[in-house]
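Asker: The structure's right below; bear with me while I get my questions together.
The values are calculated or read from the model by the stated rules, or taken from the named source; none is laboratory data. Predicted model, so just to flag it, every value in this text is computed and none were measured. We place every Cβ from the backbone using ideal geometry, glycine too, and count neighbours over all the protein chains shown.
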Amino acid sequence: MYREYDECRICPRDCGTNRNGGKKGLCGETSALRISWAGLHFGEEPPVTGSGGSGTVFVTGCNLRCKFCQNWQISQEGMGLAVTEAGFADICLALEREGAENINIVTGSHAIPAIASGLRHARGQGLTLPILWNSSSYEKPEALGLLEGLVSVWLPDLKTLNPELSEGVFHARDYPRSAKKALRYMAGQSPLSIEPPTETRPSGRISSGMIVRHLVLPNRLADTELVLQWYAERLAGKALLSLMTQYTPVTHSPRGREIDAFPNRLIDRPEADRLQVLLERYGIEDGFYQELVEDTSWLPDFTKTQPFSSSLARPVWHWQSGFIERKE
Ligand code: SF4
């Protein structure tokens, strides 16, 4: 029981749901902390993946619920299993034993009180890895404050600064204002620090700081330009930018079929070329740029213990199977 859940106003949805009373908020979750999958992930930015892989923990539910979410089965369809504080800590400790470089909490904005307690429990049980907060940025600084002293690396999305697009794809016209506040809070928390490359870890390893992710949407480069301009003015030098071009249509998901704000196709080569021009225009040099995706086969399927391709991830825990024995 966490008192913040009595009349939940943890996130900017401010829906006031009594989650402790068993009701589900707009995030789709009661006060129970549910986890969908945990494992080593090798597809994050190089200093996040390192050599051992990032220890990702995918939280069930989401307060933003993007229509184009690739993880819709867990963010919107509820695939997940409730865990106790101790159970959450056991998952983190298992990831550390398996060689993870860090603990990477994916989409936990609606469950901050429970996750903060779980992380404290894990620390008490011997967890030493740096903790990453991987979120949509649709968050309140007061709620993020509950993670103080626990999280040292922030991996926030900055999805758009266009209120009409936010309304159309997240039903959250206030996303730009809320996300900017959240990012300013995060930037003030942890100075950027990347351990230098070594022979075993040629990409170095991030131990503190912020990587701002932006997913480019088809036919919406004007929106991307707004994001790049704001980033260059407010955050350049304090963070790294990760420009992602992996947008993939999810027309098989119920909400994926509703998208009418942009065409449901992959990012094309002329758009990728224009992105390079924008990066130069705003003088953004520090960060990561994703190669163009050419097929849709990489989309995860969380009904399987291995939702990703086996080169991309190694499962450690699954919502239906629990801990997964490693096959040598
Ligand atoms: S976290 Fe969930 S229940 Fe709480 S305010 Fe946000 S949407 Fe509502």
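Asker: Just to check your reading of the model, which residue among 275, 292, 243, 266 is part of a strand (DSSP E or B) and farther than 29 Å from residue 96 by Cβ?
Answerer: 243
Asker: Of the residues that make up the range 237-251, is at least one more than 30 Å from residue 153 (Cα to Cα) and free of Cβ contacts under 8 Å to residues at least 60 places away in the same chain?
Answerer: The answer is yes; a qualifying residue exists.
Asker: Among the numbered criteria (1) free of Cβ contacts under 8 Å to residues at least 40 places away in the same chain; (2) away from the ligand (no atom under 16 Å from the Cβ); (3) over 19 Å from the mean Cα position of the chain (by Cα), which single criterion is violated by residue 94?
Answerer: Every condition holds for residue 94 apart from (1).
Asker: Quick test of your reading of the structure: residue 21 fulfils all but one of (1) more than 6 Å from the ligand (Cβ to nearest atom); (2) modelled with pLDDT of 95 or more; (3) crowded, with 18+ Cβ neighbours inside 10 Å. Name the failing condition by number.
Answerer: Of (1) more than 6 Å from the ligand (Cβ to nearest atom); (2) modelled with pLDDT of 95 or more; (3) crowded, with 18+ Cβ neighbours inside 10 Å, only one is false for residue 21: (3).
Asker: Oh, and also: Restricting attention to the range 115-142, which residues are assigned to a helix (DSSP H, G or I), within 16 Å of the ligand (Cβ to nearest atom) and in contact (Cβ under 8 Å) with a residue 60 or more places away in the chain?
Answerer: Once the filter is applied, which keeps residues that are assigned to a helix (DSSP H, G or I), within 16 Å of the ligand (Cβ to nearest atom) and in contact (Cβ under 8 Å) with a residue 60 or more places away in the chain, the range 115-142 yields 115, 117.
Asker: If a residue must be within 16 Å of the ligand (Cβ to nearest atom) and within 14 Å of the chain's Cα centre (by Cα), how many such residues does the range 44-76 contain?
Answerer: Counting residues in the range 44-76 that are within 16 Å of the ligand (Cβ to nearest atom) and within 14 Å of the chain's Cα centre (by Cα) gives 11.
Asker: Same structure again: Just to be sure, is residue 31 within 16 Å of the ligand (Cβ to nearest atom) and among the hydroxyl-bearing types (Ser, Thr, Tyr)?
Answerer: yes
Asker: Moving on to the next point. Among the small types (Gly, Ala, Ser) and crowded, with 17+ Cβ neighbours inside 10 Å, is that true of residue 193?
Answerer: no
Asker: One residue is enough: does the range 62-72 have a residue meeting the conditions out of contact with any strand residue (DSSP E or B) (no Cβ under 6 Å at 6 or more places or on another chain), farther than 30 Å from residue 257 by Cβ and of a type outside the set (S, T, N, Q)? Even if it seems obvious, please write down each step before you answer.
Answerer: Going residue by residue through the range 62-72, those that are out of contact with any strand residue (DSSP E or B) (no Cβ under 6 Å at 6 or more places or on another chain) are 62-72.
Now restrict to residues that are farther than 30 Å from residue 257 by Cβ: none.
No, because not a single residue in the range 62-72 is out of contact with any strand residue (DSSP E or B) (no Cβ under 6 Å at 6 or more places or on another chain), farther than 30 Å from residue 257 by Cβ and of a type outside the set (S, T, N, Q).
Asker: What's the number of the condition residue 257 fails, among (1) in a helix (DSSP H, G or I); (2) at pLDDT 95 or above; (3) under 24 Å from residue 77 (Cα atoms)?
Answerer: Looking at each condition in turn, residue 257 falls short on (2).
Asker: Moving to a separate point now. For residue 112, state whether it is assigned to a helix (DSSP H, G or I) and within 11 Å of the ligand (Cβ to nearest atom). Before the answer, list the steps.
Answerer: Details: assigned to a helix (DSSP H, G or I): yes; within 11 Å of the ligand (Cβ to nearest atom): yes.
Considered against the rule, which asks whether it is assigned to a helix (DSSP H, G or I) and within 11 Å of the ligand (Cβ to nearest atom), residue 112 comes out as yes.
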